[in-house]
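For reference, the structure is listed below as structure tokens.
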Amino acid sequence: MTMYESVQGFFDQAATRLGLEDAMRQVLLTPFREVAVQVRVPMDDGTLQVFPGWRIQHNGARGPFKGGLRFHPKSNRDEFRTFAALMTWKCALLDIPYGGGKGGIACDPKQMSPGEVERLCRAFIEAIDPVIGPDLDIPAPDVNTSGREMAWMYDEYSKVHGDSPGIVTGKPIAVGGSLGREQATGRGGLYCLDRIAQSRGWTREKIRVAVEGYGNAGSWFSILAAQLGYRIVSASDTKGAIYNPEGIDPVALLQHKRDTTTVAEYKYADAIPPEDVIALDCEVVVPAALEESIRTDNADRIRGNLVLEVANYPTTPEADTIMAGRGVTVVPDILASAGGVVVSYLEWAQNKQRERWSEERVNARLKELMEASTDAVLARAHEGGVTQREAAYEIAIERVAAAERVRGWR
Ligand code: GLU
């Protein structure tokens, strides 16, 4: 089964429970539009390299397509289809006025010079120009892309179309980026966790959290969670993992990672095998890395009673079933990872009005949207006797289907 088929299993089950008609299922099962392009890059050594790139637009019934761009050697069309669909559900669940899209390039930016990456970004924007726009499709950062890449893309698009800050989000502050956007995915995950902790009567100081992945989402989540009182006991990245049951200082750990490129060998914690992070004695496990880190072969090792999916698609459907059977609550990615796109929306809204909001205002709105969606998911899961993922998909699918219907989708 491909990754796309797996994720569409989540959709299919919810669609069946909702009694969604066949035609609507067909509309929502496949992407609205897929664009595959050549990305031609003159390399520093004088050669030309051609990288494959994609932009997949899953559904646009609720607004412009929205979603990140990923640069990764293993990236492919199936992966982008998967994430484009997740963006449709994520934006609908958070009730922000967007459809879902995703894209990127199969390349290894870590092996490229800044000049090569800049030419890659500019060539990609030129190639997908006909299908993007501030009211059509708005890319953003994702794995291996950040404000730097967004600034080049904004600049390239604006050369042709006039100044267009709303063409991408996640931009640097100097060119219309929003305060709070960099921290937003981690902060959104934390607001969601904190709401659930409140509903369960948990004391933050007693909650031990293991974080898998220490990139943008994982590191900001850890820093902000520790500020609130949660105890971060473990963190990992592709090069190693560390554990200290007394708690780790996430700011010092990030500094160590900046200095050495990895969390491994941080001196105030013990080294552990990265695959053990999810199996530690703790209350909350936070997958914040790449897809499919919790699978059939390791789902039964989880000892925490809550999994907070700050990554996109970290849990396979089979692993989801195993965890549900063992009483582990999974807070689904389309909720727990939505903070990034929520603040992208706030950035885009500021750009449209040529406004600048304070960070307090941004964070307050993020909190409001995250808490409202978390409450809606908890209530629906409770009333329907379904998992949080099932509840989240139901809410999202209903909203997208309603938009399709009133627009006259046939
Ligand atoms: N890449 C992020 C995500 O997966 C953010 C997307 C956006 O801001 O448009 O949600």
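The values are calculated or read from the model by the stated rules, or taken from the named source; none is laboratory data. None of the values given here were measured: they were computed from a predicted structure. Glycine also receives a Cβ, built like all others from the backbone with ideal geometry; neighbour counts cover every protein chain displayed.
Here is a check on your reading of the model: is residue 149 of a type in the set (Asp, Glu), away from the ligand (no atom under 11 Å from the Cβ), surrounded by fewer than 23 Cβ atoms within 10 Å (Cβ to Cβ) and in contact (Cβ under 8 Å) with a residue 24 or more places away in the chain? Steps first, answer last, please.
Numbers: of a type in the set (Asp, Glu): yes; away from the ligand (no atom under 11 Å from the Cβ): yes; surrounded by fewer than 23 Cβ atoms within 10 Å (Cβ to Cβ): no; in contact (Cβ under 8 Å) with a residue 24 or more places away in the chain: yes.
Considered against the rule, which asks whether it is of a type in the set (Asp, Glu), away from the ligand (no atom under 11 Å from the Cβ), surrounded by fewer than 23 Cβ atoms within 10 Å (Cβ to Cβ) and in contact (Cβ under 8 Å) with a residue 24 or more places away in the chain, residue 149 comes out as no.
Of everything in the range 277-292, what is of a type outside the set (Val, Ile, Thr) and at pLDDT 95 or above? Give them in sequence order.
So in the range 277-292, the residues of a type outside the set (Val, Ile, Thr) come out as 279-283, 287-292.
Answer for the range 277-292, where residues must be of a type outside the set (Val, Ile, Thr) and at pLDDT 95 or above: 279, 280, 281, 282, 283, 287, 288.
Here are 131, 117, 143: which of them is more than 15 Å from the ligand (Cβ to nearest atom), under 20 Å from residue 215 (Cα atoms) and of a type outside the set (Asp, Glu)? Spell out the reasoning first.
Values: 131 fails: under 20 Å from residue 215 (Cα atoms); 143 fails: more than 15 Å from the ligand (Cβ to nearest atom).
After ruling out the rest, the residue left standing is 117.
Output yes when any residue across the range 162-184 is at pLDDT 95 or above, under 20 Å from residue 332 (Cα atoms) and within 19 Å of the chain's Cα centre (by Cα), and no when none is.
yes
For the range 223-243, how many residues are farther than 15 Å from residue 274 by Cβ, crowded, with 17+ Cβ neighbours inside 10 Å and not hydroxyl-bearing (Ser, Thr, Tyr)? Can you show your working first?
Residues of the range 223-243 farther than 15 Å from residue 274 by Cβ: 223-232.
Now restrict to residues that are crowded, with 17+ Cβ neighbours inside 10 Å: 223-226, 230-232.
Subset that is not hydroxyl-bearing (Ser, Thr, Tyr): 223-226, 231-232.
Residues flagged as farther than 15 Å from residue 274 by Cβ, crowded, with 17+ Cβ neighbours inside 10 Å and not hydroxyl-bearing (Ser, Thr, Tyr) within the range 223-243 amount to 6.
For the range 160-176: of the residues being part of a helix (DSSP H, G or I) and more than 13 Å from the ligand (Cβ to nearest atom), which is surrounded by the fewest Cβ atoms within 10 Å (Cβ to Cβ)?
Taking the range 160-176 and keeping what is part of a helix (DSSP H, G or I), we get 160-161, 165-167, 173-175.
Going one step further and asking which of them are more than 13 Å from the ligand (Cβ to nearest atom), we end up with 160-161, 165, 173-175.
Working: 160: 10, 161: 13, 165: 20, 173: 12, 174: 8, 175: 16.
It comes out as 174.
Residue by residue, here is whether (1) over 30 Å from residue 158 (Cβ atoms); (2) over 20 Å from the mean Cα position of the chain (by Cα); (3) hydrophobic (A, V, I, L, M, F, W, C) holds:
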position	(1), (2), (3)
325	yes, yes, no
337	no, no, no
365	no, no, no
371	yes, no, no
378	yes, yes, yes
393	yes, no, no
396	yes, no, yes
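Output the residues belonging to the range 68-86 that are of a type in the set (Lys, Arg) and away from the ligand (no atom under 13 Å from the Cβ). Step through it out loud before you land on a result.
Narrowing the range 68-86 to residues of a type in the set (Lys, Arg): 70, 74, 77, 81.
Once the filter is applied, which keeps residues that are of a type in the set (Lys, Arg) and away from the ligand (no atom under 13 Å from the Cβ), the range 68-86 yields 74, 77, 81.
Among the residues of the range 265-282, count how many are in contact with a helix residue (DSSP H, G or I) (Cβ under 9 Å, 6 or more places away or on another chain) and crowded, with 19+ Cβ neighbours inside 10 Å. Show your work before the answer.
Taking the range 265-282 as the starting set, the residues that turn out to be in contact with a helix residue (DSSP H, G or I) (Cβ under 9 Å, 6 or more places away or on another chain) are 265-269, 275-276, 278-279.
Cutting the leftovers down to crowded, with 19+ Cβ neighbours inside 10 Å gives us 266, 269, 278.
Summing the residues that are in contact with a helix residue (DSSP H, G or I) (Cβ under 9 Å, 6 or more places away or on another chain) and crowded, with 19+ Cβ neighbours inside 10 Å in the range 265-282 gives 3.
Hand me the list of helices (runs of 4 or more DSSP H) wholly inside the range 244-353 holding 1 or more residues that are of a type in the set (A, V, I, L, M) and more than 16 Å from the ligand (Cβ to nearest atom). Working first, answer last.
Numbers: elements: 250-260, 317-325, 333-336, 339-353.
Here the list reads 250-260, 317-325.
Mind counting the residues in the range 365-397 that are more than 16 Å from residue 339 (Cα to Cα) and loosely packed, with under 14 Cβ neighbours inside 10 Å?
Qualifying residue count for the region: 5.
Any residue at all in the range 209-219 that's crowded, with 16+ Cβ neighbours inside 10 Å, of a type outside the set (A, V, I, L, M, F, W, C), at pLDDT below 95 and within 16 Å of residue 336 (Cβ to Cβ)? Steps first, answer last, please.
Looking only at the range 209-219, we keep the residues that are crowded, with 16+ Cβ neighbours inside 10 Å, and these are 209-219.
Subsequent filtering for residues that are of a type outside the set (A, V, I, L, M, F, W, C) retains 212-216, 218-219.
Imposing the further condition that a residue be at pLDDT below 95 reduces the set to 215-216.
This time we only want the ones that are within 16 Å of residue 336 (Cβ to Cβ), so: 215-216.
Yes, because at least one residue in the range 209-219 is crowded, with 16+ Cβ neighbours inside 10 Å, of a type outside the set (A, V, I, L, M, F, W, C), at pLDDT below 95 and within 16 Å of residue 336 (Cβ to Cβ).
Of the residues that make up the range 180-197, is at least one farther than 24 Å from residue 346 by Cβ and assigned to a helix (DSSP H, G or I)?
There is at least one residue in the range 180-197 that is farther than 24 Å from residue 346 by Cβ and assigned to a helix (DSSP H, G or I).
Against the conditions (1) more than 16 Å from the ligand (Cβ to nearest atom); (2) over 20 Å from residue 17 (Cα atoms); (3) without any contact (Cβ under 8 Å) to a residue 60 or more places away in the chain, where does residue 380 fall short? Just the number, please.
(2)
Give 217, 225 a once-over and let me know the one that is in contact (Cβ under 8 Å) with a residue 24 or more places away in the chain, farther than 22 Å from residue 281 by Cα and in a helix (DSSP H, G or I). Break it down into steps so the answer makes sense when it comes.
Working: 225 fails: farther than 22 Å from residue 281 by Cα.
Every option except 217 fails the conditions.
Matching residues to (1) without any contact (Cβ under 8 Å) to a residue 24 or more places away in the chain; (2) β-branched (Val, Ile, Thr); (3) over 18 Å from residue 190 (Cβ atoms):
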{"position": "234", "(1), (2), (3)": "no, no, no"}
{"position": "245", "(1), (2), (3)": "no, no, yes"}
{"position": "256", "(1), (2), (3)": "yes, no, yes"}
{"position": "271", "(1), (2), (3)": "no, no, yes"}
{"position": "293", "(1), (2), (3)": "no, no, yes"}
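Of the residues 179, 136, which is out of contact with any helix residue (DSSP H, G or I) (no Cβ under 9 Å at 6 or more places or on another chain) and either more than 10 Å from the ligand (Cβ to nearest atom) or of a type in the set (S, T, N, Q) (or both)? Give the steps one after another, and end with the answer.
On the way: 179 fails: out of contact with any helix residue (DSSP H, G or I) (no Cβ under 9 Å at 6 or more places or on another chain).
Checking each option against the conditions leaves just 136.
Based on this model, can you work out whether residue 362 counts as touching a strand residue (DSSP E or B) at 6+ places or on another chain (Cβ under 7 Å), in contact (Cβ under 8 Å) with a residue 24 or more places away in the chain and either over 29 Å from residue 87 (Cβ atoms) or surrounded by 18 or more Cβ atoms within 10 Å (Cβ to Cβ) (or both)?
Spelling it out, it is not the case that residue 362 is touching a strand residue (DSSP E or B) at 6+ places or on another chain (Cβ under 7 Å), in contact (Cβ under 8 Å) with a residue 24 or more places away in the chain and either over 29 Å from residue 87 (Cβ atoms) or surrounded by 18 or more Cβ atoms within 10 Å (Cβ to Cβ) (or both).
Among the residues of the range 43-67, what is the count of those that are touching a Lys or Arg at 6+ places or on another chain (Cβ under 6 Å), over 15 Å from residue 97 (Cβ atoms) and either in contact (Cβ under 8 Å) with a residue 24 or more places away in the chain or within 13 Å of the ligand (Cβ to nearest atom) (or both)?
Final tally of qualifying residues: 3.
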